[in-house]
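**Student:** I have a structure here, written as structure tokens, and I will follow up with some questions on it.
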Amino acid sequence: MKFDLEVDAIGLKCPLPILYCKRGLNSIQDNQIIKIKTTDKSALDDFKSFCEKTGHQLLSHVKESDVTVFYIKKLTL
């Protein structure tokens with residue numbers, strides 16, 4: 001998937017992957033896509049909840065060994 005910014009949160013535990021994601025989203029324009037990689041076991045539930053609460057769109061997630069990759073589209077708040 002095409003993305004505009006990649007954020008590496010591998011090895012970080014909750015809430016740091018969400019904080020890194022938020023920082024990344026703040027640095028891109030509306031309708032751009034952030035790719036974030038994490039090894040946090042609770043990341044799927046955390047990112048789903050984060051997107052529901054903030055209005056951003058979780059486009060997809062892919063598990064690659066111990067790393068989960070999320071693609072999130074920044075939407076106007």
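**Student:** Can you go through GLN57, GLN29 and tell me which one is touching a strand residue (DSSP E or B) at 6+ places or on another chain (Cβ under 7 Å), modelled with pLDDT of 95 or more, of a type in the set (S, T, N, Q) and open to solvent by 60 Å² or more (accessible area, probe 1.4 Å)?
**Tutor:** GLN57
**Student:** Hey, another quick one. Residue pairs, Cβ under 9 Å, 6 or more apart or interchain, first in region 1-12 and of a type in the set (Phe, Trp, Tyr), second open to solvent by less than 70 Å² (accessible area, probe 1.4 Å) and at pLDDT 95 or above. List them.
**Tutor:** Listed by first residue and then by second, the contacts come to PHE3/GLN32; PHE3/ILE33; PHE3/ILE34; PHE3/LYS35; PHE3/TYR71.
**Student:** Being at pLDDT below 95 and either open to solvent by 50 Å² or more (accessible area, probe 1.4 Å) or touching a helix residue (DSSP H, G or I) at 6+ places or on another chain (Cβ under 6 Å) (or both) is the requirement here; does SER42 meet it?
**Tutor:** Considered against the rule, which asks whether it is at pLDDT below 95 and either open to solvent by 50 Å² or more (accessible area, probe 1.4 Å) or touching a helix residue (DSSP H, G or I) at 6+ places or on another chain (Cβ under 6 Å) (or both), SER42 comes out as no.
The values are calculated or read from the model by the stated rules, or taken from the named source; none is laboratory data. Not measured: the values here are computed from a predicted model. Here Cβ is always computed from backbone atoms with ideal geometry, including for glycine, and neighbour counts include all displayed protein chains. The accessibility values were calculated without ligands, DNA or RNA, using every heavy atom of the protein model including side chains. Shrake-Rupley method; radii C 1.70, N 1.55, O 1.52, S 1.80 Å.
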